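The values are calculated or read from the model by the stated rules, or taken from the named source; none is laboratory data. Fair warning: this is a prediction, and the values are worked out from it, not measured in the lab. Positions of Cβ are backbone-derived with ideal geometry, glycine not excepted, and every protein chain shown enters the neighbour counts.
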Amino acid sequence: MDDRKNKISLLVEQLMGKKKTWAIVLIIGLLLAVIVWPTSADVQNGEKDNQNTVQPAGTDELTYEEKLEEKLAKILSQVRGAGKVEVMITLESSSELVFQTNEKKNTESIHEEDSQGGIRDSNMVEYSSDTVQAGGNGAPYVIKEINPKVSGVLVLAEGAKSASVKNEIYEAVEALFDLEVHKIKVLEAE
């Protein structure tokens, strides 16, 4: 009987040792999952931060200049006889962001007359302006973005050896961007 009790107690101790090991591994795994798993508050804050982030001009996936080049190349390639078209556009400056501001103006006028007939007028005007913040991240609230004016266009077209195609391209670019002809260059592509 003692032999049996010893075997059972050894077996229980072995099982308990394995259970302790598994329990420790399970607890460590759960702790790691809890640490790594984002909370709903973190996800909501992350979404809000992404929505209110103001990016500097020119940091979009495609810049304003690249978007114009793509659109113009797509349109000009549809001109009869133009063939494949590539476009390069230069701009006068970069985009300008206009921020919402709270402006205050205080005016104070003083008119004084003394007993000897002297008159003194004084006017004081005080201006103050504060930029409105968007959300809780401190970024300024943008009310509009002013895109720069196109200053020059270069067009490479397979069909530019034809005078009529070249002329159509010149006229299209001139009309689209209100450019003078000397700021447009159309070349034949190889």
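Can you work out which of the residues in the range 137-157 that are of a type in the set (D, E, K, R) and part of a strand (DSSP E or B) is farthest from E70 (Cα to Cα)? Walk me through how you get there before you give the answer.
Filtering the range 137-157 for residues of a type in the set (D, E, K, R) gives 144-145, 149.
So of that shortlist, the ones also part of a strand (DSSP E or B) come out as 144-145.
Numbers: K144: 23, E145: 20 Å.
Filtering first and then ranking leaves K144.
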- Query: Here is a list of conditions, (1) more than 34 Å from the chain's Cα centre (by Cα); (2) closer than 18 Å to T90 by Cα; (3) aliphatic (A, V, I, L, M), and A163 meets all of them except one; can you say which number that is?
  - Reply: (2)
- Item | Flag for S164 being touching a residue at least 60 places away in the same chain (Cβ under 8 Å), among the hydroxyl-bearing types (S, T, Y), over 11 Å from V87 (Cβ atoms) and assigned to a strand (DSSP E or B) | no
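Here is a yes/no grid of residues against (1) surrounded by fewer than 10 Cβ atoms within 10 Å (Cβ to Cβ); (2) farther than 30 Å from I75 by Cβ; (3) not basic (K, R):
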residue: G118; (1), (2), (3): yes, yes, yes
residue: M124; (1), (2), (3): yes, yes, yes
residue: G135; (1), (2), (3): no, yes, yes
residue: A139; (1), (2), (3): no, yes, yes
residue: I146; (1), (2), (3): no, no, yes
residue: V150; (1), (2), (3): no, no, yes
residue: L154; (1), (2), (3): no, no, yes
residue: S162; (1), (2), (3): no, no, yes
- Task: Just give me the residues in the range 48-82 being modelled with pLDDT of 50 or more, in a helix (DSSP H, G or I) and either polar (S, T, N, Q) or more than 20 Å from the chain's Cα centre (by Cα) (or both), in sequence order.
- Result: K71, L72, A73, K74, I75, L76
